[in-house]
Amino acid sequence: MRVTIFGSGYVGLVTGTCLADVGNDVLCVDVDARKIELLKQGVVPIHEPGLAEMVTRNVEAGRLQFTTDTVLGVNYGEIQCIAVGTPPDEDGSADLQYVLQVATTIGQHMDSYKLIMDKSTVPVGTASTVRHTVQQVLDQRGVNYQFDVVSNPEFLKEGAAIDDFMKPDRIVIGIEAEHSYPEELMRELYSPFNRNHDKLITMDIRSAELTKYAANAMLATKISFMNEIATIAERVGADIEQVRIGIGSDPRIGFHFIYPGIGYGGSCFPKDVQALKRTAQQLGLTPKVLEAVEAINYQQRSLFFEKIQQHFENNLQGRRFALWGLTFKPNTDDMRDAPSRTLMELLWQHGATVQVYDPKGMAETKRIYGERADLILCDKPETALHAADALIIATEWRVFRSPNFNLIKEMLKNPVIFDGRNIYEPQRMKKLGFTYYAIGRGDSLQTV
Ligand code: NAD
């Protein structure tokens, strides 16, 4: 099949590459000329495990191409996939300008049937807006080509995106067409990923659009719930890690997404919770759970910062901190709304310097913050420790899990660790001579 993908970011590039890998001909279109130039030179501009090799393989096989030429894009595929960004607007709702730009482009240049497949995360009703936009442009042109719009929300996780795309838990398709052709096309497109058992779930478009938001909001809710219980655990002298194991073993609750920490970040959960909240508010509803989920998430970052402040008696002026982990989670270079950014910015506001290390986030950190005297980019975790007042852990990269604690002690000015991801055992840390702060670990921090 010939497929055009608009948007070559985390979702578009993974989708296009995986579709090419099973034999389709794919043209990825992006308005970012720099990104397309890099991709044409064989450089993958994002870090996603396994992606670079897969891109190279499919480009060499001639199945995967890149362009900034939107006209070429519209003419190329019968399937036109929209995978552009939907960032938050000023009021928190999803900004649909990029989605509607693509819809307009399709309307302006199509000269045969097109199946428009929306993969971007968009509020309920967007497929209908896309349909009207395309029809309006066709009417202006005085032409009448057939087209359908389907919703195909994406559930991939950054850091495991290829696996998620290749072996999806479910493939949700929202379809409202008078004929069966859109469903047939979608079944054919997804058949290579649907062999083990039928994972394709078809539903009406509005339900498909809401499914994506509901899924992310549910996951964010689990995290914030656990963080709230962690705060209670800390005050009552209980250990949240033991509570986690105690509740996770109930299959109705499960172990996924109940890790306490300094909150969720990234390009999806924060903006999707916000956008869903906004949708509810626009309908005159009060989305109490979503409001609490969001508030707890940001409070979690401040509570963690307050621990640092309290330890240093509210005087961080002139202090130096080693910060391990910058990306919003491991195995990605994505820094969008990463908790590390809130921490760094708070530390700077209070006159501290940060010495940072992240396995994949250094270039992005440099791009976001530029050169500044209070930000020292280090090429190794150990370098970041040099003469620092304490070590702060903001992302649970595997490389931080079993470090040389003796070396950490030697290199830090004070043996103090603020662990925002609960990756070490409090009792062991105490035995090693560290002052160790974690999330929700109550009395286990005091007793040895
Ligand atoms: P991204 O910012 O990484 O990529 C979006 C790309 O679209 C950019 O490269 C941008 O230049 C391009 N673009 C903008 N306007 C364009 C146009 N008119 N024509 C062609 N390209 C255009 O975004 P992303 O993380 O890939 O997310 C895309 C969508 O998928 C969002 O709605 C997001 O919520 C959703 N989503 C993301 C993830 C994730 O893990 N990142 C997972 C599921 C769903």
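The values are calculated or read from the model by the stated rules, or taken from the named source; none is laboratory data. This structure is a prediction, so every number in the text was calculated from the model and none was measured. Virtual Cβ from ideal backbone geometry, glycine too; neighbours counted across all protein chains shown. Surface areas here come from the heavy atoms of the whole protein model, side chains and all, with no ligands, DNA or RNA. Shrake-Rupley method; radii C 1.70, N 1.55, O 1.52, S 1.80 Å.
The table below lists the values:
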item: Residue-wise HN-Hα coupling along the stretch 186-199, computed from phi with Karplus coefficients 6.51, -1.76, 1.60 (Hz; x: Gly, Pro); result: 5, 5, 5, 4, 8, 4, x, 9, 10, 8, 5, 7, 5, 9
item: Modelled FRET efficiency - R0 22 Å, ASP374 with ASN414, Cβ distances, 0.05 increments; result: 0.70
item: Label-point gap, in nm, between ASP111 and TYR298 - each point 7 angstrom along Cα→Cβ; result: 5.1
item: Net +/- balance of residues flanking GLN101 in space, Cβ distance below 14 Å, scoring K and R +1, D and E -1; result: -4
item: Shape of the stretch 58-196, Cα gyration tensor, a/c cut at 1.5; result: rounded
item: Whole-Hz ³J(HN,Hα) from phi, Karplus 6.51 cos²θ - 1.76 cosθ + 1.60, for the stretch 55-66, glycine and proline x; result: 4, 4, 4, 7, 5, 4, 7, x, 8, 10, 10, 10
item: Burial order of peptide ranges 216-223, 89-96 (average beta-carbon count within 10 Å, highest first); result: 216-223, 89-96
item: Stretchable slack from SER128 to GLU90, in nm (0.36 nm times residue separation minus alpha-carbon distance); result: 11.4 nm
item: Sorted peptide list for 234-246, 101-113, 282-294, criterion being average Cβ within 10 angstrom, highest first; result: 101-113, 234-246, 282-294
item: Over the chain: helical MRE at 222 nm, DSSP H runs n ≥ 4 each giving -39500 (n - 2.57), nearest 500; result: -13500 deg cm²/dmol
item: Per residue accessible area of the chain, 1.4 Å probe, in Å²; result: 44
item: Residue-span extension gain [ASN194 to GLU425] - 0.36 nm each, minus C-alpha spacing; result: 79.0 nm
item: For the chain, share of DSSP beta bridges that run antiparallel, in % to the nearest 5; result: 5
item: Global geometry of the stretch 156-267, whether rounded, prolate or oblate, following the gyration tensor of its Cα atoms and the 1.5 cut on a/c; result: prolate
item: Tail beyond 14 Å, pair distance distribution of the stretch 143-208 (Cα, percent); result: 60
item: Cβ-defined net charge surrounding GLY7, 9 Å radius [Lys, Arg +1; Asp, Glu -1]; result: 0
item: Ranked packing of 134-145, 204-215, most packed first, by mean Cβ within 10 Å; result: 204-215, 134-145
item: Accessible surface of the chain [probe 1.4 Å, protein heavy atoms]: carbon and sulfur percent; result: 49
item: Distant-in-sequence amide H partners of CYS28 (H built 1.01 Å from N, under 5 Å); result: ILE5, GLN65, PHE66, THR67
item: Modelled label reach - ARG367, point 7 Å along Cα→Cβ, the stretch 304-342 residues with backbone N closer than 16 Å; result: 326-329, 332-338
item: Gyration tensor (alpha-carbon) shape descriptor, the chain, a/c threshold 1.5; result: prolate
item: Stretchable slack from ASN144 to ARG34, in nm (0.36 nm times residue separation minus alpha-carbon distance); result: 36.1 nm
item: Inter-site label distance for GLN310 and ARG235 at 7 Å from Cα along Cβ, in nm; result: 1.2
item: Neighbourhood net charge (9 Å Cβ-Cβ; Lys/Arg +1, Asp/Glu -1) for ILE240; result: -1
item: Those GluC sites (Glu not before Pro) in the stretch 337-377 that DSSP places in a loop and that have at most 16 other beta carbons within 10 Å; result: GLU371
